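Here's the structure, in structure tokens; my notes come after.
Each value in this text was obtained by applying a stated rule to the coordinates, not by laboratory testing. Keep in mind it's a predicted model, so treat the numbers as computed, not measured.
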Amino acid sequence: MGSFQQQLLERVTPPILNVLGGASHGKLINSINNTMMIFNRELIHIESGLVRRLEGLEAESIASAAKFLIPESIEEQSVLLLLPPSEFIASVHSFPDTLKENLISALYLQTESILPSYEKPLSLAIDAKSSDGNSESVALWLPQKKLENMFVAFSEQDLFLTAIKPRILSSDYQSGAMGLLDNDETDLTFVVLEDGLLRAWQQVNKLDFEQKDFVAQWESSLKSNGTFQIKELNNIRDYLPSINNKINIEYNFFPGGALDELKKVARGRKVLAGLAALAFLMIISSIPFILQSIEFQDVAKTLESSRLMSADARQDQQIVVDFENEWGPINDFPQQSIRGAMFTLQNVLSPERLSSLEISQGLIKIQGTSSDPQAILQRLEQDSLFTEVIFSRATSNTRYYIDLRLSPVNFEAYMVRYFPDN
């Protein structure tokens, strides 16, 4: 981009470029709950009709007076400020059938020729619908510094300045063509509206009327605009019944701070939407766990019910267990069946005789003489009543020492069960 175009674009700040680019600010307009209008150094609160004399026309004085007039409320005070038409600069252009974006770009490129003596940043407002090829379009300009100073001053009073607008463009009018004449103590401003579109803007300082020729030119100019009805707005009473914030919204000037708040709200809504989506996904993903938890609770309740119902049976079972613990060592003491063991030994060893026999805890120790001790050992091993049959000591040709256990007797298991510490 050339330096010439760059200089032109620098004269209009980015927030205002967004407004002029066609961004919708209906939500900002709908949030307005206080309308303030300046007329002849007085500030009027349109909703209540209260009036306060301004000490000066500086942003701080206006904001302080607005704070005084607005009733206390817990709601955020969103303000539309209607300024005298003399605060704005008007320019007339002809761009037939031009889109709003292209129309704005064209105005930027012609800024130096439109306002050659004004080098400070400007805010621009124009209704692109007025560029229909049959009539000229009226653009309004407002110093950007004034716009931002007003926003800061109102913010310091805990007021949110939503927009600034020429007061003459907030006066309601009939359909068709109509003229509005704003007459205050310093200036006269005449505008022509056709079907809601601004077609003409003429303004003069009353000091110029000291020249008679200029008066004649002004009257001639008014007559040249047509024979339609002209509504005169000479004082506050003329304005109050006809204020309408919803008309000519294309000529609202939005401070950068107000636009930033709009962006924050939009970002906040996106974050909330994202969090809501995340919460929804978490709920969906947690449904199986919730169902499982419900099933677990049902099972736990069933288990608790069964436990209560089986309390008596478990109590009886505990009695049995206690009885077994007390009488088990006696009832379960291993029966060695000594008589049966003696008869079995007699049958196995016959006709041999024993010289010694000991029985203790299922272990039998025998001594005797035989011409074939090995045969005796084998016969004992083959009998199912005995197990672990071994020669316990060295055996001579005729004398033997044999240890064996009664297979039905298990003293080790008995001791482990009832006397584990021994």
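Annotations
- Each Cα pair under 8 Å and six or more residues apart adds its sequence gap; the mean of these over the residue count of segment 160-214 is a relative contact order of 24 percent.
- Near the amide H of Asp187, within less than 5 Å, lie the amide hydrogens of Lys206, all on another chain or at least 5 residues away, with H placed in the peptide plane.
- Rounded to the nearest Hz, the phi-derived 3J(HN,Hα) couplings of segment 173-180 under the Karplus curve 6.51 cos²θ - 1.76 cosθ + 1.60 (θ = phi - 60°) are 8, 7, 5, x, 9, 7, x, 10, where x marks glycine and proline.
- Pairs over the 32 Å Cα-Cα cut-off, from the set Lys129/Lys223; Lys146/Lys246; Lys27/Lys129; Lys146/Lys206; Lys120/Lys212; Lys212/Lys246: Lys120/Lys212; Lys212/Lys246.
- 5 angstrom amide H check on Gly196, placed H, neighbours 5+ away: Gly176
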